[in-house]
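Enquirer: Below is the structure I would like to discuss, written out as structure tokens.
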Amino acid sequence: MRHIAVIGSGPAGYYTAEAAIKHWGDDVRVDVFDRLPVPYGLIRTGVAPDHQTIKAVSGRYEKTALTENVRFVGNISIGKDISVDELRGLYDAVVVATGAPHDRKLGIDGEEQTGVYGSAAFVGWYNSHPQFRNLDPDLSSDTAVVIGMGNVALDVSRILSKTEAEFEGSDIAAHALDILKGSNISRIVLLGRRGPHQIMMTPKELSELMKLDRASPHVDNADLPPEGDDAMLEPGLRKSVNHLRSFAAIPAHIHADKAIEIEFDFFASPKAILGDGNKVTGIEVERTEVKTGRAVGTGETYTIPCGLVVTCIGYHTANIPGVPFDERLGRFANDEGRILTGLYCVGWARRGPSGTIGTNKPDGFAIVEKVAEDMEAGLLGNGSKKGRPGFDELAAARGLDIVTFRDWKKIEEAEASAARDGAPREKFADIEAMIRAAQ
Ligand code: NAP
């Protein structure tokens, strides 16, 4: 029998579990740990609440979770309740699939003020993540600045733009919807330090900006490179740039009909966040030029007055004691997923925050190949590890309160019955409430 522990129950974790049962069938037991009492990681608290079709992939993870050989072990924080070394003593292989939950910092003055949020916090807030449920952003000013030209910046801009009716069918947190309903924001500035040819936004996500009831996207024609230059772009990016071109062609009367403008400000690098000593009041920006792909400051600066700044500039992995970390890259130090003997990483914890949910599938299958190679090479011991029963003994001795997959199904049911009309669920944003619902 092979014993595998997976730390993290998001896409990378469940694709790894799926690959393990495909590889070893009945000869493997996989325990999938999560510090929250609920599974699915970013699917639950990262994917936008109005992107329910993407969230539906959790049905596939549930299939894996319900197989005899895989079990969910919720409400257990590895590194706190149980150390990684202890897990390594119990399981033949430990695979870290904890993603990249921390916001990267801009590293400029004023960043710590109230009203400046990283996207992990802001997205976590509207997605009912227990850690961020009390963020209570102040949306009383007329301008929000969203930094970054990736899909997360699009998610944040879209959520700030939608009407209450447009959230029908979504599972946006009730506490967020309440605040969004009272929002005064009429201008969202998307700040990109480089140009239209360097955006990270994908076409489908960009096209959604054209369908918003009360907001329209605005691109300045002067920022767009000559159309002929698009020919050298890879097809996905070319499509995205095409969308930018169509935004630039939107006639003035359409903009005039919409209450909110989503303005793409290219060649604009944040220099400092301005405030009144307490709260953000604006952002100082430097104009850039793109030289051999890099943003270079021109020395010309300007200020955008605003009452909210959301940075969507990427994430880094959280340290876990006992797991070597690469500070420069913001993820675990690894060689194609191998960290130490019997210790592996997968997904964002391995490669950093890039790619789509689907990218984690080949990643999960590849790491299982590595584990299998190491087992066959005799590197992972002689099969004497205790695995699941050993973990259960330790958990009982420590009085740890484990949430099982069956418990999660009770939480899920309670969330579905608490949903407002037309919504799939109202997620608990409070760990105690989740545990009460599980009992
Ligand atoms: P991302 O795609 O890497 O984009 C980050 C953006 O931040 C880039 O435009 C980058 O500009 C900018 N940036 C970084 N540091 C900066 C700085 N110091 N100052 C100004 N700008 C800075 O990251 P993301 O949007 O967080 O997305 C993470 C991953 O999740 C991506 O793979 C994304 O596609 C995926 N995702 C997918 C969906 C979806 O499919 N619907 C939704 C959300 C997220 P430079 O290029 O100049 O560095």
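The values are calculated or read from the model by the stated rules, or taken from the named source; none is laboratory data. As the structure is a computational prediction, the values presented were derived from the model and not from experiment. Note that each Cβ is placed from the backbone with ideal geometry, even for glycine, and that neighbours are counted across all protein chains shown. SASA here: full protein model, heavy atoms, side chains in, ligands and nucleic acids out. Shrake-Rupley method; radii C 1.70, N 1.55, O 1.52, S 1.80 Å.
Enquirer: Looking only at region 199-207, decide whether some residue is open to solvent by 50 Å² or more (accessible area, probe 1.4 Å), free of Cβ contacts under 8 Å to residues at least 40 places away in the same chain and away from the ligand (no atom under 14 Å from the Cβ).
Expert: Within region 199-207, not a single residue is open to solvent by 50 Å² or more (accessible area, probe 1.4 Å), free of Cβ contacts under 8 Å to residues at least 40 places away in the same chain and away from the ligand (no atom under 14 Å from the Cβ).
Enquirer: Take the residues of region 308-353 that are of a type in the set (S, T, N, Q) and open to solvent by less than 20 Å² (accessible area, probe 1.4 Å): which is nearest to the ligand (Cβ to nearest atom)?
Expert: Restricting to residues being of a type in the set (S, T, N, Q) and open to solvent by less than 20 Å² (accessible area, probe 1.4 Å), the top hit is Thr311.
Enquirer: Looking at Glu112, Glu166, can you tell me which residue is of a type in the set (Asp, Glu), in contact (Cβ under 8 Å) with a residue 60 or more places away in the chain and more than 13 Å from the ligand (Cβ to nearest atom)?
Expert: On inspection, the qualifying residue turns out to be Glu166.
Enquirer: Working only within region 256-272, note down all residues that are open to solvent by 30 Å² or more (accessible area, probe 1.4 Å) and under 21 Å from Thr163 (Cα atoms).
Expert: Ala256, Asp257, Lys258, Ala259, Glu261, Glu263
Enquirer: Now, a different point. Scanning for something surrounded by 14 or more Cβ atoms within 10 Å (Cβ to Cβ), in contact (Cβ under 8 Å) with a residue 12 or more places away in the chain and more than 16 Å from the ligand (Cβ to nearest atom), does region 282-298 turn up at least one residue?
Expert: Yes, there is a match, as at least one residue in region 282-298 is surrounded by 14 or more Cβ atoms within 10 Å (Cβ to Cβ), in contact (Cβ under 8 Å) with a residue 12 or more places away in the chain and more than 16 Å from the ligand (Cβ to nearest atom).
Enquirer: Right, next: Assuming Thr53 fulfils every condition listed in (1) open to solvent by 20 Å² or more (accessible area, probe 1.4 Å); (2) closer than 30 Å to Phe122 by Cβ; (3) touching a residue at least 24 places away in the same chain (Cβ under 8 Å) apart from one, which condition is it?
Expert: Failing condition for Thr53: (3).
Enquirer: Can you name every residue in region 60-75 that is open to solvent by less than 30 Å² (accessible area, probe 1.4 Å) and either under 17 Å from Pro11 (Cβ atoms) or of a type in the set (A, V, I, L, M, F, W, C) (or both)?
Expert: Listed by number, the residues that qualify are Tyr61, Thr64, Ala65, Val70, Phe72, Val73, Gly74.
Enquirer: So which residues in region 354-369 are surrounded by fewer than 22 Cβ atoms within 10 Å (Cβ to Cβ), within 13 Å of the ligand (Cβ to nearest atom) and not small (Gly, Ala, Ser)?
Expert: Once the filter is applied, which keeps residues that are surrounded by fewer than 22 Cβ atoms within 10 Å (Cβ to Cβ), within 13 Å of the ligand (Cβ to nearest atom) and not small (Gly, Ala, Ser), region 354-369 yields Thr356, Ile357, Thr359.
Enquirer: Out of Asp171, Asp155, which single residue is assigned to a loop (DSSP other than H, G, I, E, B), in contact (Cβ under 8 Å) with a residue 24 or more places away in the chain and not small (Gly, Ala, Ser)?
Expert: The match here is Asp171.
Enquirer: Given the criterion more than 19 Å from the chain's Cα centre (by Cα) and buried (at least 17 other Cβ atoms within 10 Å of the Cβ), identify the matching residue among Val116, Val94, Val38.
Expert: From the options Val116, Val94, Val38, the qualifying one is Val94.
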